[in-house]
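Asks: Pasting a structure below so you can have a look.
Read-outs throughout are calculated quantities, based only on the coordinates presented, and are distinct from any laboratory measurement. As the structure is a computational prediction, the values presented were derived from the model and not from experiment. Methodologically, a virtual Cβ is constructed for each residue, glycine included, from the backbone with ideal geometry; neighbour enumeration extends over all protein chains shown.
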Amino acid sequence: MDNIRLDEAKNIILKKIESFHSGSDLEETGSVLSVGDGGANVYGLDQVMVREQVGFADGSKGVVLSLEQNHVGVAILSGVGHVCEGDSVKRLKSINAMPVGEALLGRVLDAKGDPLDGLGAVATTEYATIEVKAPGIVDRQSVYEPLQTGLKCVDSMTPIGRGQRELIVGDRQTGKTTIAIDTILNQKGQGVICIYVAIGQKSSTIAQIVERLKVAGALSYTTIISAPSTDPAALQFLAPYSGISIAEWFMAQGKHCLIVYDDLSKQAVAYRELSLLLRRSPGREAYPGDVFYIHSRLLERACKLSEAKGGGSITALPIVETQAGDISAYVPTNVISITDGQIFLESDLFFSGVRPAVNAGQSVSRVGGAAQLPAMKKVSGTVRLELAQYRELEAFAQFGSDLDATTQQTLKRGKVLVQILKQPQYSPLHIGLQVAILYAATRGYLDNYELSDLQNYEMGLYGELSNNHASWLDNVASGAPLKDDVEGQLKTILNNYGERFVSECQT
Ligand code: ATP
Ligand code: MG
């Protein structure tokens, strides 16, 4: 009996020594060195890769964020229990992935891809890694198709093209989300798939947005990734990458996508929180050194693919919140330098009733002009110029009482334009209607009306065009330039409508 026992013991010891030499088990498990709220430093996972998933002894999952010299930094994704110092950690040998496919449309998911809308599991078998390299320069082409927001002030002065990255930046409560949601609503029937990534917002705000999209019939072509402020910082950090991996799947099928990141400042804050917990050295504004890189590698993935690659596109509308209009803070300057332009919203304008509160002087679109419809291009040149002249005169005109006729004319024209560029939320406009009203405003058709009459004029004109001149609207939307016949027809429509409007006003 004794002999057999000795043999067994010997075999076990020999096996242990063998496995020690091959090192297989040891490299796959490590132990928690230190742990904080949402992050842990782990010792001993020598072979682990960045973005690989790991499992903790208590059942929680984590994702490797950083590889340091003697340890790795892990963000804890889900807390089913409590991770403690000394706990064992296992490599799961899978990279973070998201479900992708048509089945995601109309769904609300968290950053891990789990459904939040109570509609059951997502019916797809395809998964995509959430961190991939952006398409190279050879696989891309310049943007040339417009992505209409349906907002007069944006489509005219900062036009967006499919495949462009346009930042929406402004203080809190200045209408940033509204611009993005209006753009999503305006994609109805345009064949553009929308992805809205909500980061660090209140769950109730996200629920309202979902409801708004549902009521407007926009949820059927939209996916929502929700990482509310109650989620662990790791999920808030990962949500944008989860979102774009879904968009990339559609882009690879040759489709057009629009992705909104609402907002990247909260994502940067989540990343800072994690990095400080993992004891990475803080830099400017206490952000880790690679905060620029997390945004650039995200936004690089939005592009217009070449025809050889199917010609799909991802248009990105990142949102960044500023403090007291300071666009020179760290995160806003970073994202401004990565994107192709910015829409700058201002509290002063917002509170003075100019909504959307776009500051035309500081907003730009560096590439969208190439994608603007010819008719819109023609009217928009004048819009910018006249607004700039108005702003210049406005300050100085406050002091002078007797102004010459030309100055008075410029001021009146500017006031008309500012009034016309206002737009209520959730009511995106057909591009043809935008061209018509901006043409009327910049060519003097509105100069003789009181500012208070303009809203009625506008509504009436939209009704007239939609009911009686649908072919003219289609013509403009299909890219007809605003000259010869098309311009002539518009002049006739405006003249006839103007006469009727005046007689209606008098009665
Ligand atoms: P936050 O910083 O809280 O995310 P935000 O900048 O995203 O705010 P919104 O939530 O879009 O701003 O809008 C703020 C408020 O302004 C909302 O109550 C919204 O209804 C109102 N609002 C936004 N745009 C318009 C508009 N064009 N016309 C009228 N009201 C508007
Ligand atoms: Mg918002």
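Asks: With the contact rule set at Cα under 8 Å and sequence spacing of 6 or more, what percent relative contact order holds for the chain?
Replies: Value for the chain: 15 percent.
Asks: Another question, then. Which whole-angstrom value gives the distance between the alpha carbon centres of the stretch 287-338 and the stretch 455-505?
Replies: 39 Å
Asks: Using alpha carbon centroids, what distance separates the stretch 141-192 and the stretch 345-405, in Å?
Replies: First find each Cα centre; the distance between them is then 18 Å.
Asks: Say the dipole of the chain comes from +1 at the beta carbon of Lys and Arg and -1 at that of Asp and Glu; which of 507, 463, 39 then lies farthest toward its positive end?
Replies: With unit charges placed on the Cβ atoms, the residue in question is 463.
Asks: Run the helix sum for the chain: -39,500 (n - 2.57) per DSSP H stretch of 4+ residues, divided by residue count, reported at 222 nm to the nearest 500 deg cm²/dmol.
Replies: -13000 deg cm²/dmol
Asks: Lysine pairs, Cα distance under 29 Å, 8 or more residues apart or cross-chain: how many in the stretch 26-163?
Replies: 9
Asks: Give the shape of the stretch 28-93 as rounded, prolate or oblate, defined through the alpha-carbon gyration tensor: a ≥ b ≥ c are the square roots of its eigenvalues, a/c under 1.5 means rounded, and otherwise the shape is prolate if a/b is larger than b/c and oblate if not.
Replies: Details: a/c = 1.44, a/b = 1.32, b/c = 1.09.
Cα axes put the stretch 28-93 in the rounded bin.
Asks: If you place +1 on the Cβ of every Lys and Arg, -1 on the Cβ of every Asp and Glu, and leave all else neutral, what size is the dipole of the stretch 371-507 about its Cα centre, to the nearest 20 Debye?
Replies: Approximately 380 debye in magnitude.
Asks: Assigning unit charges at the beta carbon (Lys, Arg +1; Asp, Glu -1) and nothing else, what dipole magnitude in debye, to the nearest 20, does the chain show about its Cα centre?
Replies: It comes to approximately 500 debye.
Asks: Past 26 Å, Cα to Cα, is the threshold; run 176/412; 188/483; 309/377; 377/491 against it and keep the listed order.
Replies: Violating the 26 Å limit, Cα to Cα: 176/412; 188/483; 309/377.
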